[in-house]
1. For residue B:73, indicate whether it is crowded, with 16+ Cβ neighbours inside 10 Å and not in a strand (DSSP E or B).
2. Here is a check on your reading of the model: is residue B:53 touching a residue at least 40 places away in the same chain (Cβ under 8 Å) and either within 14 Å of another protein chain (Cβ to nearest Cβ) or in a loop (DSSP other than H, G, I, E, B) (or both)?
3. Out of everything in the stretch A:87-111 that is assigned to a loop (DSSP other than H, G, I, E, B), more than 7 Å from chain B (Cβ to nearest Cβ) and at pLDDT below 95, what residue ends up being farthest from residue A:52 (Cα to Cα)?
4. How about the stretch A:25-60: which of its residues are farther than 25 Å from residue B:85 by Cβ and outside any loop (DSSP other than H, G, I, E, B)?
5. Looking at the stretch B:8-39, which of its residues are within 12 Å of chain A (Cβ to nearest Cβ), closer than 22 Å to residue A:104 by Cα and assigned to a loop (DSSP other than H, G, I, E, B)?
6. Of all residues in the stretch A:36-84, which are in contact (Cβ under 8 Å) with a residue 60 or more places away in the chain and within 9 Å of the chain's Cα centre (by Cα)?
7. Which members of the stretch B:76-109 meet the condition of being more than 21 Å from residue B:50 (Cα to Cα), more than 11 Å from chain A (Cβ to nearest Cβ) and in a strand (DSSP E or B)?
């Protein structure tokens, strides 16, 4: 089956630093990747849609300068949380949609970010 | 949530019993999907039902969809302790997925 990995699986950083999270599709090409955040005991909130070779599309209320997304290849998208603050602490999950697919997405295992 | 609500928010049952979770959504959809999430982990896709389908089965799972009421239900029959997890519905439209608020299921052995 299609596998999506995320790295790191968890990260702890100091307030003010930037953190990069990678999302990779291991055995398929993904033209589109999605980034979600999930607060404890809550649902997943779509943050942005990342298309290979073009700018990401952000959901309303998500700061694009705060959450930088790069989708440089068909197998890799990165999310950089810039100048992280404690309120950015959350579980970040990516998903990938395979080339030619329209309604199936494969989820990564998530990255737990804790900002001190 | 961005799309809709699920109820109940939490459900506790005994092993062997059936569990039913409901999902309501706000906009028209192409399809609706159900996912499961174990605590602190990623999501596992369970089943997809298209907007022109009314019912679908997969093993112990049964999903219904009522587009006129903008609602769906997930039934897990003969539940097991290993079914303990959070369950989310997700609607797909305009190339995006939006998740419901989730139901936390606890199956007691």
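The values are calculated or read from the model by the stated rules, or taken from the named source; none is laboratory data. Please read all numbers here as calculations on a predicted model, not as lab measurements. Methodologically, a virtual Cβ is constructed for each residue, glycine included, from the backbone with ideal geometry; neighbour enumeration extends over all protein chains shown.
1. Details: crowded, with 16+ Cβ neighbours inside 10 Å: yes; not in a strand (DSSP E or B): no.
Judged against the criteria, residue B:73 is not a match.
2. On the way: touching a residue at least 40 places away in the same chain (Cβ under 8 Å): no; either within 14 Å of another protein chain (Cβ to nearest Cβ) or in a loop (DSSP other than H, G, I, E, B) (or both): yes.
No.
3. Taking the stretch A:87-111 and keeping what is assigned to a loop (DSSP other than H, G, I, E, B), we get A:89, A:99-104, A:108-110.
Those still in the list that are more than 7 Å from chain B (Cβ to nearest Cβ) too: A:89, A:99-102, A:104.
Within this subset, residues satisfying the condition of being at pLDDT below 95 are A:99-102, A:104.
Details: A:99: 11, A:100: 14, A:101: 15, A:102: 15, A:104: 17 Å.
Taking the candidates together, the pick is A:104.
4. A:30, A:31, A:32, A:48, A:49, A:50, A:51, A:57, A:58
5. Of all residues in the stretch B:8-39, those within 12 Å of chain A (Cβ to nearest Cβ) come to B:9-10, B:23, B:29-33, B:35-39.
Going one step further and asking which of them are closer than 22 Å to residue A:104 by Cα, we end up with B:23, B:29-33, B:35-38.
Hits for the stretch B:8-39 are B:29, B:30, B:38.
6. A:80
7. Start the filter on the stretch B:76-109 by keeping residues that are more than 21 Å from residue B:50 (Cα to Cα), which leaves B:77-86, B:103-109.
Checking the rest, the ones that are also more than 11 Å from chain A (Cβ to nearest Cβ) come to B:77-85, B:105-109.
Once the filter is applied, which keeps residues that are more than 21 Å from residue B:50 (Cα to Cα), more than 11 Å from chain A (Cβ to nearest Cβ) and in a strand (DSSP E or B), the stretch B:76-109 yields B:85, B:105, B:106, B:107, B:108.
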